[in-house]
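Here the structure is laid out as structure tokens; the discussion comes afterwards.
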Amino acid sequence: MAWNKVAVVGAALIKFGELFEQSYEHMAAGAFQAACGAVDKGFDPAQVEAAFVATQRGTLWGQEGIAGNTVPSAIGLAGIPCTRIENACPSGSDAFRVGAMAVASGVHDVVLVIGVEKMRDKSTEEGLLSRAAGGHPIFTRGETAPVLFAPFATRHMHEFGTTREMLASVAVKNHYNGARDPYAHFRNEITIDDVIKSPPVCTPLHLLDCCPQTDGAAATILVSAERAAEFTDNPVFVAGFGVATDHPYLHEKSTFTSLTATVAAAERAYTMAGIGPSDIDCAEVHDCFTITEILDIEDLGFVEKGKGGVASLDGETSLTGRIPVNTSGGLLAKGHPIGATGVAQITECWWQLRGEAGERQVTTKNGFALQHNVGGRGSGVSVVNILTTNR
Amino acid sequence: MLRLPAAAVAAAWGRGGGRGQTSVCAHDEDVLTLSAEAAGRALAAAGLEAGAIDGLWWGTSRPPFAEGPSHAILAAAIGLEPNSGGALLAGSPHAGMEALLAATDAIAAGSARTAIVVAADAVRPGIGTGFEARSGAGAAAYVLTASDAGANATAEDGALIGARVTRTHPYLDRYRGDGEVATRDIYDARLFREEIFLPPVLEIGEHLAALEPRVWSLPDPDGRLGGIAATKLGARGAVASDVVSQAVGDTGAAAALLGAIAGLDAAGTVAVVATGGGRTTGITLVADAAVPGAATLHHLLAQGAETSYPEVLRSRTELVPVGESVPMGVPPESAMFVRGATEMLSLLAGRCTECGTLNTTPSIHPMCLSCGGTKFDVVPLARRGVVHTFVVNRTMPAPFVAPLGIAVIDLDDGARIMLQVVGDGSDLEIDKPVELVLRRYAHERGVPVYGLKARRLPDPPEDPDTSDPTTRPKTPRPTTQEQ
């Protein structure tokens, strides 16, 4: 597979949260400006040759559905080629992959990947909860977002003895990390008891097992590795990526203890990078719910199938653990502005590999960081990107 | 179904007392779902497949559409063939009896060999009216066949319709004006008793009494008049329908045939009187032995969780939260429902002719999930299975009612399906058996949307209805009912 090496020379996000005071356009511009400012040797916005915008729903089905032509204008780049990428919860990570391919193919040398999502311009009822009435009138009726993951928790608990304490330990760890991330939506630490005693949302998941609704934006600047030295002496490279799909409806799932799209996407990414799970120093994975992270760390190969709950409770995925996961606070604490999420995860990996993660910094002895999203109806799509400092 | 104590209604209106209880619909039940469930039980008791039925005769005062495909939806839900016939009889509590007579006439005329009759109702009283604590819901289904139906037919197989007699008087009793939602209560109790109810019921009853029935099914619109009629007819102590009306109240168009089932669990003649809408009809059902299915009645009457008055008001959409409710993604009149209506009501799958995989449903699977094949046999899925995994959703916008259980079910034929569950989900457990029953998923723009839901079965499962594979139909074959 012949492809030109790609370098990430700038990455940034805006402070995530309920950004009632900021428009979609303001968030996009904020992330873009921050990414430009993050380029070590300076970056002239006019150097951007093309952009890929990840927005999953656009103010939950509003105007930004046509973000491919609204975002360039909002960030002062009207005229450039720009395309909106929508691929469910992995929209941001898939936009990064597509941006990387645009550079790897040799068509462009400098590409902007930007993810923006306005989650809080609509009420919860009219926004996320309204999906309970969408889709198939029978098979998916009542299917709010937690319904897509809670059945996996029920089955994982049944088959492997995973406990609510084990689920809760994921939220506790990610809030601990989020408290150390200035960009996180929630910066408070919580206890296992807090999670278990929080209100039930979709049994067996409770409120603190679920990520919040968050506004946010993040951006990265990709260049061909040949030209990386123009921008930085400390580049991070794209080592590999993988995408996979699965059947969308839950009644079509073959298993409720694994997200098979993740397994396939990871296998493709590891193969492309020429490494295995044990080579990864740290990972940003999709923890929209606590059970999701437990499934992820098993499906990505960090722990044995069925041991994700025990590993989490034992601290194997903490900042000082064997394989630190979601050092940024993850979706649970940092937030999940859908289109921005993957790009923000890339940013955390970029900081970790460059040694710029502050008090969240982990040891990166192998020089590999993994970023992962899974989503869609019934976790029907997953994207894995692997970054490296190895030349 | 749920049971509403009369005392709960009385207390809500600041009155003391209140005797007995009624059967009421849960929020996802209506006349059509009750009818589908009763029909399924009757077919099982008769040992017949739905494909053997020539027509559906359905009597109810409250078809789910004032004008629309009520009959067609029920026929599809029961699994009748597209060329099946029958009729929807409505307009009064007499409609259930009219359905039985119409089906009998169709068989006598030779236009049908085997018919299913469903008498169903969910009486909706005016809120706060005196008969609110008596208004019930239920359904009775009878399978009828021509009396010369094959050499295998024996006297033990069913009951024969004997006498029939009707009187009409153009008087108002309980009625519902055009565009009105609730049925109006009796205008004057004394007038109703002396001039409207007792004269035709007693006149018809005396005709039937001459045939020396073993037991009776008598109308009892207020919890007292049935007893008065029985006394005057010398039938006190022989009113089989009392056990039904005490358990479920006045079930309107279902009452006469539902009450009759209570008398069909042994040999003998059952005298059945139906009245309403200015018409009164009496028939006899002559059984040489217990009719299959009738014996399950007592078990069914004992079921039903007790509910509260506010929950009943909420189920009847008389207690609704302010604010907008979330509309369905596609309107019920749209193309998706044209493509998917039959396959969802009948729960059809496409079985891949290459690899045998069951693809659910055919309209969303042009190519096989497993092998990519494009040729399918359309088959109905099993209606029983076990829970593979589940959730209980507790955060729902209107019009949803939380807690809402949703289960992934492994059906007995190997297919996997995800459906909502009946009830609040508190009885869900992995590996436990469930059955699929028709329920109303939504009511939008005046359109009820029906689909199957999973209901927990006892563990281990018991199925008295199908325990006797030797049953064969005869004439008529009253069977099950209220659930």
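The values are calculated or read from the model by the stated rules, or taken from the named source; none is laboratory data. The shown structure was predicted, so the numbers you read here are calculated from the model rather than taken from an experiment. Ideal geometry is used to build each Cβ from the backbone, glycine not excepted, and the neighbour counts take in all protein chains shown.
Filter the stretch B:287-345 down to the residues that are of a type in the set (S, T, N, Q), farther than 24 Å from B:ALA262 by Cβ and in a loop (DSSP other than H, G, I, E, B) and list them by number. Scanning the stretch B:287-345 gives B:SER308, B:THR317, B:SER325, B:SER334. If you filter the stretch B:435-446 down to residues that are over 20 Å from B:LEU348 (Cβ atoms) and within 11 Å of chain A (Cβ to nearest Cβ), you find that the one that is surrounded by the fewest Cβ atoms within 10 Å (Cβ to Cβ) is B:GLU444. Note on the stretch A:23-49: residues that are buried (at least 19 other Cβ atoms within 10 Å of the Cβ) and not in a helix (DSSP H, G or I) amount to 4. Restricted to the stretch B:406-449, and to residues there that are small (Gly, Ala, Ser) and either assigned to a loop (DSSP other than H, G, I, E, B) or free of Cβ contacts under 8 Å to residues at least 24 places away in the same chain (or both), the residue that is nearest to B:THR360 (Cα to Cα) is B:ALA415.
So A:CYS82 fits all but one of (1) in contact with an Asp or Glu (Cβ under 9 Å, 6 or more places away or on another chain); (2) over 18 Å from A:THR347 (Cα atoms); what number is the exception? With (1) in contact with an Asp or Glu (Cβ under 9 Å, 6 or more places away or on another chain); (2) over 18 Å from A:THR347 (Cα atoms) applied to A:CYS82, the lone miss is (1). Checked against (1) over 30 Å from B:ALA398 (Cβ atoms); (2) in contact with a strand residue (DSSP E or B) (Cβ under 6 Å, 6 or more places away or on another chain); (3) modelled with pLDDT of 95 or more, A:CYS36 meets all criteria but (2). Just wondering, is there one or more residues in the stretch A:313-330 that are over 27 Å from A:PRO182 (Cβ atoms) and either over 17 Å from the mean Cα position of the chain (by Cα) or within 14 Å of chain B (Cβ to nearest Cβ) (or both)? There is at least one residue in the stretch A:313-330 that is over 27 Å from A:PRO182 (Cβ atoms) and either over 17 Å from the mean Cα position of the chain (by Cα) or within 14 Å of chain B (Cβ to nearest Cβ) (or both).
The lone criterion from (1) of a type in the set (Lys, Arg); (2) under 30 Å from A:ALA35 (Cα atoms); (3) facing chain B (nearest Cβ under 9 Å) left unmet by A:LYS118 is number (3). For the stretch A:256-274, taking the residues that are more than 14 Å from every other protein chain (Cβ to nearest Cβ) and out of contact with any strand residue (DSSP E or B) (no Cβ under 6 Å at 6 or more places or on another chain), the one that is nearest to A:VAL381 (Cα to Cα) is identified as A:VAL263. Could you check the stretch A:195-210 and list, in sequence order, the residues that are closer than 18 Å to A:GLY335 by Cβ and away from every other protein chain (no Cβ under 14 Å)? Residue satisfying the conditions is A:VAL195 alone. Of all residues in the stretch A:303-318, none are part of a strand (DSSP E or B) and among the hydrophobic types (A, V, I, L, M, F, W, C).
Cβ-Cβ distances below 7 Å connect the following pairs, each with a first residue in the stretch A:229-255 that is within 13 Å of chain B (Cβ to nearest Cβ), a second residue that is assigned to a helix (DSSP H, G or I) and of a type in the set (Gly, Ala, Ser), and a separation of six or more residues or different chains: A:THR245/A:ALA261; A:ASP246/A:ALA261. Condition test on A:ALA171, is it part of a helix (DSSP H, G or I), away from every other protein chain (no Cβ under 14 Å) and in contact (Cβ under 8 Å) with a residue 40 or more places away in the chain? Yes, satisfied.
Of the set (1) in contact with a Ser or Thr (Cβ under 8 Å, 6 or more places away or on another chain); (2) more than 10 Å from chain A (Cβ to nearest Cβ), all apply to B:THR374 but (1). Looking at (1) aliphatic (A, V, I, L, M); (2) within 30 Å of A:ILE66 (Cα to Cα); (3) in contact with a Ser or Thr (Cβ under 7 Å, 6 or more places away or on another chain), which is the one condition that is false for A:ILE323? The one condition A:ILE323 does not meet is (2).
The set of residues in the stretch B:404-434 that are at the interface with another protein chain (Cβ under 8 Å from one of its Cβ atoms) and within 30 Å of B:PRO310 (Cβ to Cβ) comprises B:LEU404, B:ILE406, B:LEU419, B:GLN420, B:GLY425.
Residues checked against (1) farther than 22 Å from A:HIS286 by Cα; (2) in a loop (DSSP other than H, G, I, E, B); (3) among the small types (Gly, Ala, Ser); (4) over 17 Å from the mean Cα position of the chain (by Cα):
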| site | (1), (2), (3), (4) |
| --- | --- |
| A:ASN188 | no, yes, no, yes |
| A:PRO212 | no, yes, no, no |
| A:GLY216 | no, no, yes, no |
| A:GLU226 | yes, no, no, yes |
| A:THR232 | yes, yes, no, yes |
| A:PHE241 | no, no, no, no |
| A:PRO248 | no, yes, no, yes |
| A:SER254 | no, yes, yes, yes |
| A:ALA265 | no, no, yes, no |
